[in-house]
Amino acid sequence: MKIVVAIKQVPARDSLLTAATDGKWIDESSLDYEINEPDAYALEEALQMREAHGGEVVALCAGPDRASATIREALAKGADRAIHIAVDDIVDWDTLATAKLLAAAVKSEAADLVLTGLQSDDVGAGQVGVVMAELLGLPHATIIMQVEVVDGQLRVKRELEDGWFQHVGMPLPAVLTIQSGIKKLRYATLMGIKKAKTKEVRSVTPTELGVARVASYELVGVTLPQKSKKLQMVTSVAELVDKLKNEVHVL
């Protein structure tokens with residue numbers, strides 16, 4: 001079974017974010033970067049499926065040169081090889097353009113299964129995986145908590161609202177977006193880090209994939225949330241309960 005896992009490099013969660021001088025994006029000069037957490041769970045699911053059923057895991061990442069660190073992390077954890085789509089301005093690619101880019105790379109792999117994280121920590125649109133499935137013409141399911149392969153078919157467990165779950169049977173090939181927390185993440189071992197240095201990383205450009213970015217939106221600017229303090233006087237317990245329930249949402 002060949003599994004392609006789309007991963008993304010995002011600013012580390014403990015990074016101090018400030019707006020760039022032009023106000024169009026965040027200042028990236030002092031940021032640390034890491035693998036997008038939902039994508040890390042997608043990678044872990046792929047690695048465990050390979051261990052159970054054989055085959056190979058291919059990490060797929062679009063981004064600038066610095067994304068190579070995230071790719072090497074995926075290889076160190078156990079991915080067999082990787083594809084790096086070299087894009088310096090990946091933050092300017094919207095959902096559709098990014099999905100076209102990833103789908104073009106996936107097509108050449110003839111994968112049995114494509115996994116992505118549910119959403120990215122930096123943008124959080126949660127759309128790239130399902131749009132990519134549509135472009136590839138493959139069945140897909142989202143918010144996946146469990147994946148099984150039975151008689152050449154998929155059986156997946158989806159998380160719904162209010163503690164409900166849905167079990168779905170699907171054919172292969174397919175695209176799944178994985179929910180965070182479904183498995184315990186592994187650490188890269190010293191041996192894995194050494195092996196990662198010799199594993200194949202194929203670098204391609206959007207031009208080589210036949211994909212051009214079409215500007216479908218314009219980012220006007222980013223600003224940090226404004227913090228403010230506000231004092232409200234309440235005159236009764238009923239009023240206090242109403243505010244806690246309907247404004248603060250703690251009851």
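Summary table
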| quantity | calculated |
| --- | --- |
| Criterion violated by LYS2 - all others in (1) surrounded by 13 or more Cβ atoms within 10 Å (Cβ to Cβ); (2) modelled with pLDDT under 90 satisfied | (2) |
| Considering residues of the stretch 28-40 that are surrounded by 13 or more Cβ atoms within 10 Å (Cβ to Cβ) and either aromatic (Phe, Trp, Tyr) or not in a strand (DSSP E or B) (or both) only, the residue modelled with the lowest pLDDT | GLU28 |
| Residue in the stretch 141-150 that is within 16 Å of the chain's Cα centre (by Cα), assigned to a loop (DSSP other than H, G, I, E, B) and among the small types (Gly, Ala, Ser) present | no |
| VAL131 being free of Cβ contacts under 8 Å to residues at least 40 places away in the same chain and in a loop (DSSP other than H, G, I, E, B) | no |
| Lone unmet requirement of (1) assigned to a helix (DSSP H, G or I); (2) within 22 Å of MET1 (Cβ to Cβ) for ALA97 | (2) |
| Per-region count, the stretch 100-128, residues in a loop (DSSP other than H, G, I, E, B) and not small (Gly, Ala, Ser) | 8 |
| Lone unmet requirement of (1) without any contact (Cβ under 8 Å) to a residue 40 or more places away in the chain; (2) not in a loop (DSSP other than H, G, I, E, B) for GLU44 | (1) |
| Subset of the stretch 207-251 (residues that are within 30 Å of VAL58 (Cα to Cα) and in contact with a Leu (Cβ under 6 Å, 6 or more places away or on another chain)) | VAL211 |
| Set ALA188, ALA212: member being free of Cβ contacts under 8 Å to residues at least 12 places away in the same chain, assigned to a loop (DSSP other than H, G, I, E, B) and under 22 Å from ILE83 (Cα atoms) | ALA212 |
| Residue ID - surrounded by the most Cβ atoms within 10 Å (Cβ to Cβ), chosen from residues in the stretch 97-137 that are of a type in the set (A, V, I, L, M, F, W, C) and touching a Ser or Thr at 6+ places or on another chain (Cβ under 7 Å) | VAL128 |
| Selected residue (criterion: surrounded by the most Cβ atoms within 10 Å (Cβ to Cβ)) from residues of the stretch 175-227 that are among the basic types (Lys, Arg) and over 21 Å from the mean Cα position of the chain (by Cα) | LYS199 |
| Hits in the stretch 99-132 (condition: of a type outside the set (D, E, K, R), touching a strand residue (DSSP E or B) at 6+ places or on another chain (Cβ under 7 Å) and farther than 15 Å from LEU60 by Cα) | LEU118, VAL130 |
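The values are calculated or read from the model by the stated rules, or taken from the named source; none is laboratory data. All values reported here derive from a predicted model rather than from experimental measurement. Virtual Cβ from ideal backbone geometry, glycine too; neighbours counted across all protein chains shown.
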